[in-house]
1. Measuring from label point to label point, each 7 Å out along Cα→Cβ, what is the K194 to W124 span in nm?
2. With N set to the number of residues, divide the alpha-carbon radius of gyration of the chain by 2.2 N^0.38 Å and report two decimals.
3. Nearest 0.05, what FRET efficiency do V154 and K33 give at R0 = 35 Å with Cβ-Cβ as r?
4. Taking other Cβ within 10 Å of each residue's Cβ, how do W51, W91 sort, fewest first?
5. To the nearest 0.05, what FRET efficiency results for S180 and F47 with a Förster distance of 25 Å applied to their C-beta separation?
6. Please compute the net charge surrounding T101, taking Lys and Arg as +1 and Asp and Glu as -1 over other residues with Cβ under 14 Å from its Cβ.
7. Specify the inter-centroid distance of the stretch 49-69 and the stretch 88-115, based on alpha-carbon positions, in whole Å.
8. Counting Lys and Arg as +1 and Asp and Glu as -1, what is the net charge of the other residues whose Cβ lies under 11 Å from the Cβ of L127?
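None of the figures in this text is laboratory data; all of them are computed from the coordinates on show. Because the structure is predicted, anything quoted here is derived from the model rather than measured. Don't worry about glycine lacking a Cβ; one is built from the backbone with ideal geometry, like all the others, and counts go over all protein chains shown.
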Amino acid sequence: MKSLLTILLFFCTLSAFAQNKPVKNIESDVKYKYRVSFPIGNLPQFFTSSWNDRQNTQHFELHVKRNLDDKNIIGIKLATWRLFQPMGIVWWDGLLDKLETESEFYPGYVRHTGIGMSYQRMLWKGLFTTIEVLPQYKTYLDENNNKIKNGFQVYTSLHLGYHIAFGKKKRFFIEPQVHSQFWALSTKAPASFKALDDKWRKYFLFEPSIFVGVKF
């Protein structure tokens, strides 16, 4: 019994010493704590086609992030877009051909709107990886933009990119990246929409994009 008490006392003392000992901060502080960014890949459609064009995705996306240190960044993602065909048609399925023929177009549109979370990890110099989880409220519309019903979806994406800061104080940045999306959970789709979705995958791989932003 005395031996047990002696061992317990030893570990308690060791634990107290470890807690009181200052821990060296391996990761340095950052100059700017916050950043705001958005993708620029969808901007051209607002200048080359009308707002109600059949293939206009009406895509808006904004990221507000907080640098915890020089390696870890957390953020909030706000996004909305409108789909005219299933997301699961990937490049090797003839995505561009299907846009021309309109063979897989919905009998209307699906509006996705959500607020989610992101975690970005700096790996080496500007190289980073990001995971984003975006719960989405879905609105199914006919071709005249009349609401049919509502649904829900969890949209997850994985990113690999490179952070390039520029300007006199390195306040501005650009992040070219490639990402893959997954949406295993999706509910309450009308039968005509679901029939098209079920033909295709629940993921989209290797989509390139470029984000621009500012730090403050």
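1. Distance between label points: 4.7 nm.
2. Computed over Cα atoms of the chain, the ratio equals 1.38.
3. It comes out at approximately 0.75.
4. If I rank by nearby Cβ atoms, fewest first, I get W51, W91.
5. For S180 and F47, the calculated efficiency is 0.35.
6. -3
7. Cα centroid to Cα centroid, the span is 17 Å.
8. Here the count lands on +1.
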